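What follows is one structure encoded as structure tokens, with my remarks underneath.
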Amino acid sequence: MSETTIAVSHKDRPVAFTQDEIGWTPWLMPLSEDQLTERHWAGLVDASRAKSPYFMLLARDPKILEARTKTDNDIFYNPAAGLPRAERELSAAAVSRANGCIFCASVHARFASTYSKRREDVQRLLDEGVSVGIDQRWNAVIAAAVALTETPLAFDQRQVESLRQSGLDDLAIADVIYSAAFFNWANRLMLSLGEPTPPAKG
């Protein structure tokens, strides 16, 4: 086996969508902390991400990782205006559910539950899929995110009108688009680089 690849056991691999915390293992070898240069640390943006095999794999190209992380942070953590954090996370969870990314769905469903205090509704999205009916506003966010997931051309005036009728202004609608578009890309990257694993023991 090449030193740049990792053998992964498929035993106990998570196969169901969950809000529980699970792991993720790359198929390619991530960097180790002792390999990180000053540029790598800058690319990580947040030093705590050196504990994540995903970010340590992406750190092989620190310039792109830095741009990716700053974009992610601005979409999900910028509270200045737009969509509440819970619904940005709902959009990402819906995209991840549609794309079949069990790891990303677990992370963003958990955040959606934390910020909305609506764990049962979020779990319904995971259990029933993206056609679930929850309420007008959440249905509109999910439908818009899924339309973008299927193909950008599927997102059109119908989704915008539905979001407006649900009380979203221009900045909030932009946040639905940004969070869905980002996770369409992020899911595909994560799905092509590794697989979900059971949570670490201990």
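The values are calculated or read from the model by the stated rules, or taken from the named source; none is laboratory data. Because the structure is predicted, anything quoted here is derived from the model rather than measured. FYI the Cβ positions are ideal-geometry reconstructions off the backbone, even for glycines, and counts take in every protein chain you see.
Just a yes or no: is a residue in the range 63-81 over 18 Å from the mean Cα position of the chain (by Cα) and surrounded by 12 or more Cβ atoms within 10 Å (Cβ to Cβ)?
Looking for residues that are over 18 Å from the mean Cα position of the chain (by Cα) and surrounded by 12 or more Cβ atoms within 10 Å (Cβ to Cβ), one finds none in the range 63-81, hence no.
Select from the range 14-49 the residues that are surrounded by 15 or more Cβ atoms within 10 Å (Cβ to Cβ), part of a loop (DSSP other than H, G, I, E, B) and under 19 Å from the mean Cα position of the chain (by Cα) and list them in ascending order.
Correct list: Pro14, Phe17, Thr18, Gln19, Ile22, Val45.
Take Arg97 and tell me if it is of a type in the set (Lys, Arg), under 13 Å from the mean Cα position of the chain (by Cα) and in a helix (DSSP H, G or I).
yes
Helices (runs of 4 or more DSSP H) wholly in the range 117-199 with at least 1 residues that are at negative phi and either touching a residue at least 60 places away in the same chain (Cβ under 8 Å) or touching a strand residue (DSSP E or B) at 6+ places or on another chain (Cβ under 7 Å) (or both) - which ones?
It comes to 119-128, 170-193.
Does the range 165-191 hold any residues that are charged (D, E, K, R), surrounded by fewer than 20 Cβ atoms within 10 Å (Cβ to Cβ) and more than 17 Å from Cys104 (Cβ to Cβ), and which are they?
Asp169, Asp170
With (1) in the same structural domain as Leu28 (by TED's automatic domain parsing); (2) among the aliphatic types (A, V, I, L, M); (3) in contact with a helix residue (DSSP H, G or I) (Cβ under 8 Å, 6 or more places away or on another chain) as the list, and Ala67 as the residue in question, which single condition is left unmet?
(3)
Spot the failing condition for Val15; the list is (1) free of Cβ contacts under 8 Å to residues at least 60 places away in the same chain; (2) closer than 27 Å to Asp127 by Cα, and only one is missed.
Condition (1) is where Val15 drops out.
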